[in-house]
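Engineer: Have a look at this one before I ask anything.
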Amino acid sequence: MAEPYKLTATPFLLLEGEDKGHLETVTFIATSEHEMQKWWSVNVGSYETDFSKLVHSSAAKEIVNRLRSGETVEFPGRYELGQLKGFGGSWGD
């Protein structure tokens, strides 16, 4: 049986300039009892759709809103690593 992973998303908001406060990237960390995987993605406007593959659309919208406010978010539930591979960006860090 595949080991379940907890998924956490940490936003990076632009700190200055014309787009100050814009959600630029998100770092994802998937942790299980025995390992951790870390990757990041650039905000191209599809986070809500992407997150809806893991959680209900209303929860996906809430997660995006929380990230936009600068909050680190733990996704509800646990996931198999296969569900997360390729999710939202580049693996390895």
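The values are calculated or read from the model by the stated rules, or taken from the named source; none is laboratory data. What you see is a predicted model; the values in this text were computed from it and never measured. As a convention, Cβ positions derive from the backbone with ideal geometry for all residues, glycine included, and neighbour counts pool all protein chains shown. Ligands, DNA and RNA are excluded from the accessible area calculation, which covers all protein heavy atoms including side chains. Shrake-Rupley method; radii C 1.70, N 1.55, O 1.52, S 1.80 Å.
Engineer: Among residues other than E3 whose Cβ falls under 10 Å from its Cβ, what is the net charge (Lys/Arg +1, Asp/Glu -1)? Walk me through the numbers on the way to the answer.
Structural biologist: Values: positive: R78; negative: E33, E35, E80.
The answer is -2.
Engineer: With every protein chain present, what accessible area does S58 have (1.4 Å probe, heavy atoms only), rounded to the nearest 10 Å²?
Structural biologist: 70 Å²
Engineer: With a cut-off of at most 11 other beta carbons within 10 Å, and DSSP calling the residue loop, which GluC sites (Glu not before Pro) in region 16-78 qualify? Please list them.
Structural biologist: On the way: sites: E16, E18, E24, E33, E35, E48, E62, E71, E74; in loops: E16, E18, E33, E35, E71.
Filter output for region 16-78: E16, E18, E33, E35.
Engineer: Then there's this: Among V55, G45, H34, flag the residue with its Cα farthest along the positive direction of the charge dipole of the chain, charges on Cβ as +1 for Lys/Arg and -1 for Asp/Glu.
Structural biologist: Farthest towards the positive end: V55.
Engineer: Under a crude label model (7 Å from the Cα following the beta-carbon direction), how far is V44 from E18 in nanometres?
Structural biologist: Going by the 7 Å Cα→Cβ label model, 2.2 nm.
Engineer: Okay, next question. What do you reckon, how do K61, K20 stack up by accessible area (1.4 Å probe), largest on top?
Structural biologist: The residues order as K20, K61, largest area first.
Engineer: Follow-up. Taking the Cα atoms of the chain alone, what are Rg (to one decimal) and Dmax (as a whole number) in Å?
Structural biologist: Rg, Dmax (Cα atoms, Å): 13.2, 49.
Engineer: Now, a different point. Okay, helix-only estimate at 222 nm for the chain: each DSSP H run of n ≥ 4 adds -39500 (n - 2.57), divide by all residues, round to 500 deg cm²/dmol; what do you get? List each step's numbers first, then the result.
Structural biologist: Details: 3 runs with 21 residues, N = 93.
The helix contribution divided over the chain gives -5500 deg cm²/dmol.
Engineer: At 1.4 Å probe size, put L15, L54 in order of accessible surface, largest to smallest. Write down the numbers at each step before the final one.
Structural biologist: Numbers: L15 130, L54 35 Å².
Descending accessible area places them as L15, L54.
Engineer: Next question, about the same structure. Quick check: residue separation of A59 and K85 times 0.36 nm, minus the Cα distance between them. What number comes out in nm?
Structural biologist: Working: separation 26, 0.36 × 26 = 9.36 nm, distance 2.05 nm.
Value of the extension gain: 7.3 nm.
Engineer: Determine the gain in length on full extension of the stretch A2-E35; use 0.36 nm per residue of separation and subtract their C-alpha separation, reporting nm with one decimal.
Structural biologist: Details: separation 33, 0.36 × 33 = 11.88 nm, distance 1.25 nm.
Length difference between fully extended and current span is 10.6 nm.
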